[in-house]
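The values are calculated or read from the model by the stated rules, or taken from the named source; none is laboratory data. Quick caveat: nothing in here was measured; it's all calculated off a predicted structure. So basically every Cβ, Gly included, is an ideal-geometry build from the backbone, and we count neighbours across all protein chains shown. Heavy atoms of the whole protein, side chains included, go into the accessibility calculation; ligands, DNA and RNA do not. Shrake-Rupley method; radii C 1.70, N 1.55, O 1.52, S 1.80 Å.
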Amino acid sequence: MKLYLVRHGETDWNIENKIQGQTDIALNEKGRHQAKELAGELAGGGFGVRVIYTSGQIRARQTAEIIGQALGIVPVAVKGLEEISLGKWEGYTWKQVREVFAEDYQLWQSNRRYQVPPQGESYQQLLDRLLPTIDGIISKEEENTLVVTHSGVIMTLMSYVYDTPFEDMARHYKMGNAKIVQLDGDLFYQRYSQLHSFNKS
């Protein structure tokens, strides 16, 4: 079984460089076109995808539905795949956040994994809901599976699995809209098993 991660297609807020987080923004026309292009790639590229899971947020759901129509698969929305909540920062650009929320932003920058933005969640809190969700998908499915989700989710998961400092996640794992990456399931289980062993000790 191979597990592929896909970031949703473009939204108007992506163009405007606004922080989306858990604000529910739909795909724009280009985003729908990107999803159709990716669907064609998946249909003809030997990926062999038989199952699609998606975040329940509309931009991911729309992307998954477009892909699903091309592959003849009905996507399943599951909790835990939603984008990280950035609370009060959502709707602002990162430049505006650095100006309006300067102190909070500096604290977050210095301890990105564990610091919680105002009324948001930390990357560790995202991991706490994401890891059991991915574990459940991998444990259940035997056929190649696609997970349609968000940039922050993918960067967090890749940083965790490949043991990359969270401060460097964007440099290593930032993805464009409607792009795909394969997750090493064996390495995921190795890291996830270590976490469970640590929690039990």
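The figures follow:
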read-out	value
Largest-first ordering by accessible area, 1.4 Å probe, given options Asp186, Asp104	Asp186, Asp104
Whole-number D in µm²/s for the stretch 35-94 (Stokes-Einstein; Kirkwood sum over Cα pairs; 10 °C, 1.306 mPa s)	124 µm²/s
Accessible-area order (highest first, 1.4 angstrom probe) of the listed residues Glu29, Glu83	Glu29, Glu83
Rel. contact order, % - alpha carbon contacts under 8 angstrom, at least six apart, the stretch 1-158	34 percent
Proximal charge balance of Gly176 [Cβ under 11 Å; K/R count +1, D/E count -1]	+2
The stretch 96-153 versus the stretch 22-46: alpha-carbon centroid distance in Å	22 Å
Cut-off 12 Å between beta-carbons: net charge of the residues surrounding Ile154, Lys and Arg +1, Asp and Glu -1	+2
Distance (nanometres) between label positions extended 7 Å along Cα→Cβ at Val74 and Leu187	3.5 nm
Phi to ³J(HN,Hα) by Karplus 6.51 cos²θ - 1.76 cosθ + 1.60 over the stretch 75-86, Hz, x for Gly, Pro	x, 10, 7, 10, 6, x, 9, 5, 4, 4, 7, 10
For the chain: span of alpha carbons on each principal axis (Å, largest first)	49, 49, 26
Per-residue HN-Hα couplings for the stretch 17-31 [Karplus 6.51, -1.76, 1.60; θ = phi - 60°; Hz; x = Gly/Pro]	6, 8, 6, 8, x, 9, 5, 8, 10, 7, 5, 8, 4, 5, x
Surface accessible to a 1.4 Å probe, per residue, for the residues of the stretch 99-138, Å²	49 Å²
